[in-house]
1. Please go through segment 179-205 and give me each residue that is among the aliphatic types (A, V, I, L, M) and either outside any helix (DSSP H, G or I) or touching an Asp or Glu at 6+ places or on another chain (Cβ under 6 Å) (or both), ordered by number.
2. Taking Ala60 as the residue in question, decide whether it is open to solvent by 40 Å² or more (accessible area, probe 1.4 Å), within 35 Å of the chain's Cα centre (by Cα) and modelled with pLDDT under 85.
3. Of the numbered conditions (1) open to solvent by less than 40 Å² (accessible area, probe 1.4 Å); (2) at pLDDT 85 or above; (3) not aliphatic (A, V, I, L, M), Arg14 satisfies every one except a single condition; which is it?
4. Look through Val85, Val91 and report the one residue that is touching a strand residue (DSSP E or B) at 6+ places or on another chain (Cβ under 8 Å) and among the β-branched types (Val, Ile, Thr).
5. Assuming Arg6 fulfils every condition listed in (1) of a type outside the set (S, T, N, Q); (2) in contact with a Phe, Trp or Tyr (Cβ under 6 Å, 6 or more places away or on another chain); (3) open to solvent by less than 20 Å² (accessible area, probe 1.4 Å) apart from one, which condition is it?
6. Within segment 63-73, take every residue that is over 16 Å from Arg14 (Cα atoms) and of a type in the set (A, V, I, L, M, F, W, C) and give me the one that is modelled with the highest pLDDT.
7. Show the residue pairs meeting these rules: Cβ distance below 7 Å; 6+ apart or different chains; first residue within segment 77-102 and under 22 Å from Ile53 (Cα atoms); second residue at pLDDT 90 or above and charged (D, E, K, R).
Amino acid sequence: PNPNLRVDKDGAIRYANPAAAQLLLDPWRSAIGDHAPAEVRKVVTDSLAAGAIFEFEIAADKRNFVLIVAPVVARQYVNLYGRDVSDRKNVEAQLRQAQKMEAVGRLAGGVAHDFNNLLTAIGGYSHFLLTSMSPNDPRRSDVEEIKKAGDRAAALTRQLLAFSRQQVLQPRMLDLNNIVREIEKILRRLIGEDVTLTTNLQNGLESIKADPGQIEQV
């Protein structure tokens, strides 16, 4: 199943097994007697000049191949032995993506911790202000809005910590319906307009004891 080729010093293809013939036709539109692709001809020339075996990678037909170039200097041609490494490339790409996501998670966790420190101060001072104000103070509604905004921001940072798996578990009594209602607001901002999101809540649910961040992740 692996492609094998023979290319002479002028870059002409002298032999191709069925796998190589298929590879040459698509995408290079070449055949036996035609010239090999330019990138192959260059390696052939270098290999014959050095009298040494070369190995290089080449992409074709949405696949990746490693080609070993073995020169036959006395006859002035090279044999090329290919190996399909597409699966390995795909696994490497998946690993790189996983590493990126892990890095994003660490970054999100670090940012969330920093924000938590700021939000603790905002929430604390807002609380002090509210306790020192009379119910009729005209500024009270403004401070209440500051505290509400801080509480909403704290909920967002909790979700960032859950995403980064850095959240300290804090089980408490929860209403699952409320958890779903809150996470629904975030989901609606994330999904596209072509996706319809519906919730089917059950009235009269008993409370459960769980970590809210973990339930939000679920």
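1. Answer for segment 179-205, where residues must be among the aliphatic types (A, V, I, L, M) and either outside any helix (DSSP H, G or I) or touching an Asp or Glu at 6+ places or on another chain (Cβ under 6 Å) (or both): Ile183, Ile191, Val195, Leu197, Leu201, Leu205.
2. no
3. Among (1) open to solvent by less than 40 Å² (accessible area, probe 1.4 Å); (2) at pLDDT 85 or above; (3) not aliphatic (A, V, I, L, M), Arg14 violates only (1).
4. The match here is Val85.
5. Every condition holds for Arg6 apart from (3).
6. Ile68
7. Hits for this filter: Tyr77/Arg6; Tyr77/Asp8; Tyr77/Lys9; Tyr77/Arg14; Asn79/Arg6.
The values are calculated or read from the model by the stated rules, or taken from the named source; none is laboratory data. Keep in mind that this is a model prediction, so the values were computed, not measured. As a convention, Cβ positions derive from the backbone with ideal geometry for all residues, glycine included, and neighbour counts pool all protein chains shown. Just the protein is used for accessible areas: all its heavy atoms, side chains included, with ligands, DNA and RNA removed. Shrake-Rupley method; radii C 1.70, N 1.55, O 1.52, S 1.80 Å.
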